[in-house]
Amino acid sequence: MEKALLVSIQLKTDQGHWRIEDISSELEELALSASVEVVENIICICQKATANYFIGKGKVEEISAIANEEGVDTVIFSHDLSGTQQRNLEEAIGKKTIDRTQLILDIFSRRAKSPEGKMQVELAQLQYLLPRLAGKGIVLSNLGGGIGTRGPGETKLEVDRRQVRKKVDKLKNDLKTLRLHRLTMHKRRKSNNLPLVALVGYTSAGKSTLLNLLTQSTQITSEKLFTTLDPLSKSLQLLNGQNIIISDTVGFLHDLPHHLIEAFKATLEEVNEADLLIHVLDVSDTRLYQHNQAVLEVLDELGAKDKPVLVVLNKIDIIEDRGWLEVSKNDFPGSILFSAKTGENLRVLIAKVEESFCARMLNLKIVIPHQRMELVDFFYRKAKVNKIDYLQKGIKIDLSISRQLYDQLWQDKDIRIID
Ligand SMILES: Nc1nc2c(ncn2[C@@H]2O[C@H](COP(=O)(O)OP(=O)(O)OP(=O)(O)O)[C@@H](O)[C@H]2O)c(=O)[nH]1
Ligand SMILES: [Mg+2]
C-alpha cells in the first residue's frame with residue numbers, strides 16, 4: 001500500500017468557511033478512498049501562497065525530514081499546486097508530490113467503469129495536466145507511479161504535450177457523440193411523460209443507499225468517497241400509483257475540480273432534466289452546513305439551483321441527540337429526518353414526493369368512450385386516478401395529471417373534459 005504524508009493548508013487569505021480541522025479530515029478521507037495509508041497529517045497555516053513552494057521554505061524542510069524518516073512514498077497537499085511549485089517541492093522533499101485535485105482525479109480513475117465514465121475522467125485528467133506540462137512535456141512525477149499518475153483502467157497517462165492535445169480533442173469528440181445519444185434517450189423518456197427525480201448530494205451522504213431502499217436495487221454503497229460515478233435510473237411506483245423515474249448521480253465535494261464538473265456535465269444532465277431534486281444530507285456529519293453550501297454551489301454551476309428540492313437529513317439512526325436533529329430540521333425548512341439504513345420515515349419521504357408532484361398536477365374530470373378502455377390503464381400508469389365511474393354515456397374519470405400529460409392529451413378527440 002502506498003504510504004502518504006498529508007499537508008493540510010489554511011491560507012489567511014482563504015475566504016471559505018472551511019475550518020482547518022475540516023480541510024484536514026476531508027483530505028484524510030480522500031486519501032483513504034484512494035487506498036493510501038496515511039502516515040501523518042501535517043497542519044500548515046500560512047499568510048499566503050508563495051510562487052516557489054506554496055508554503056514557506058522552513059515548513060518544506062520540516063516536511064522533508066518527516067517524509068524521509070517515515071519512509072513515505074507520496075506527499076499530498078490540500079491545495080492545488082502549479083507545475084513549478086510541484087516540481088520544486090518534489091525536488092526539495094525528494095518524494096512524489098501531488099495535490100488534492102490529482103488525488104480526486106485518481107479516485108475517479110479507479111472508480112470509472114463505464115466507457116463514458118472512463119472518457120470523462122481521462123479528459124479531466126489531461127486537461128489538468130496540460131498547463132502543467134513543461135516544455136515538450138515531462139513525466140508526471142520523476143518519482144515513480146501510483147496515485148496521480150494513472151489514467152482510468154490503470155493505464156499510464158500520456159505526458160507528451162502534443163499527444164495530450166490530440167487525445168483531449170478526440171475525447172471531447174467521442175463524448176459529444178455519446179451526449180447526443182443520451183439526449184435522444186432523454187427525449188424518449190420525456191415523451192413517456194414520467195416525472196424524473198434526481199438524488200443529489202455530497203459524496204457519501206447516502207444517495208445510493210436511498211435508491212436501493214426505494215427501488216430494491218443493488219447499487220454499490222461504501223463509506224469511501226465517490227463510490228458512484230455512473231448515473232443509474234430506476235422506475236418506481238409511488239403509493240398513490242404514480243410512476244416516476246429516479247436517478248442516482250455522482251456525489252459532490254467542496255471545491256470540486258472545475259475540469260471534473262465540466263467533464264461530468266453530460267452525466268449530470270439527469271440533474272438538469274429532473275422535475276424534483278432530492279438533496280440527501282448526512283446529518284451525522286459535523287460538516288453538515290458546509291456540505292449543504294458546497295452542494296448548492298455545484299447546483300448553481302450546473303444551472304439547477306432553482307429546481308424544486310426536497311431535503312432529506314439522512315443517517316438519523318446514528319444520532320442520539322434528538323435536540324441536534326430538531327435544530328437541523330428547523331434549519332432546513334420542509335426537510336425530513338430520515339434513515340436510508342433503517343428505513344425510518346420512508347413513508348413520510350414518499351408522501352412528500354407525491355405531494356410535490358400533486359401540487360404541480362392538474363385536477364380534471366373527463367369522460368371517455370367505453371371503446372377507449374386502454375386509456376383507463378394508461379391513466380393508472382401515468383397519472384393519479386381519484387375516482388372512476390362506468391356510466392352509460394362513457395367512463396367518467398376524476399384524475400390528477402401532470403402539465404406535460406395534459407398538453408399531450410387534450411388533442412385526443414375522444415377525451416371530453418367536463419370540469
Ligand atoms: N448509519 C447509516 N449509514 C448510512 C445511511 N445511509 C447510508 N449510510 C452509509 O453511508 C455510506 C455512504 O453511503 P452511499 O449510499 O454509498 O453514499 P452516496 O451518497 O451514494 O455516496 P457517493 O456514491 O460516494 O456519492 C455507506 O457506508 C452507507 O452504508 C444511514 O441512513 N445510516
Ligand atoms: Mg453512491
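Here are the numbers for this structure:
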| item | result |
| --- | --- |
| Residues of region 203-219 satisfying the condition of being more than 7 Å from ligand 1 (Cβ to nearest atom) and farther than 15 Å from residue 339 by Cα | 215, 216, 217, 218, 219 |
| Positions within region 33-58 being polar (S, T, N, Q) and within 21 Å of residue 4 (Cβ to Cβ), in sequence order | 33, 35, 41 |
| Strands (runs of 3 or more DSSP E) (entirely within region 21-118) containing at least 1 residues that are under 22 Å from residue 156 (Cβ atoms) | 74-77, 96-99 |
| Near pairs, Cβ below 7 angstrom, 6+ apart or cross-chain, from region 49-68 (of a type outside the set (A, V, I, L, M)) to any residue that is buried (at least 17 other Cβ atoms within 10 Å of the Cβ) and part of a helix (DSSP H, G or I) | 52/85; 52/88; 53/60; 53/85; 53/88; 53/89; 54/85; 64/93 |
| Condition broken by residue 300, with the remaining ones in (1) within 16 Å of ligand 2 (Cβ to nearest atom); (2) at pLDDT 90 or above; (3) among the acidic types (Asp, Glu) satisfied | (1) |
| Residues located in region 197-221, provided they are surrounded by fewer than 17 Cβ atoms within 10 Å (Cβ to Cβ) and more than 8 Å from ligand 2 (Cβ to nearest atom) | 216, 217, 218 |
| Matching residues in region 308-331 - criterion: being surrounded by fewer than 18 Cβ atoms within 10 Å (Cβ to Cβ) and either under 17 Å from the mean Cα position of the chain (by Cα) or part of a helix (DSSP H, G or I) (or both) | 317, 318, 322, 323, 324, 325, 326, 327, 329, 330, 331 |
| Some residue of region 268-277 being within 16 Å of ligand 2 (Cβ to nearest atom) and modelled with pLDDT of 95 or more | yes |
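Residues are listed down the side, and each one gets a yes or a no for (1) hydroxyl-bearing (Ser, Thr, Tyr); (2) in the same structural domain as residue 87 (by TED's automatic domain parsing); (3) under 24 Å from the mean Cα position of the chain (by Cα); (4) surrounded by fewer than 17 Cβ atoms within 10 Å (Cβ to Cβ):
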{"position": "25", "(1), (2), (3), (4)": "yes, yes, yes, yes"}
{"position": "30", "(1), (2), (3), (4)": "no, yes, yes, no"}
{"position": "48", "(1), (2), (3), (4)": "no, yes, no, yes"}
{"position": "52", "(1), (2), (3), (4)": "no, yes, no, yes"}
{"position": "56", "(1), (2), (3), (4)": "no, yes, no, yes"}
{"position": "62", "(1), (2), (3), (4)": "no, yes, no, yes"}
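The values are calculated or read from the model by the stated rules, or taken from the named source; none is laboratory data. Predicted model, so just to flag it, every value in this text is computed and none were measured. As a convention, Cβ positions derive from the backbone with ideal geometry for all residues, glycine included, and neighbour counts pool all protein chains shown.
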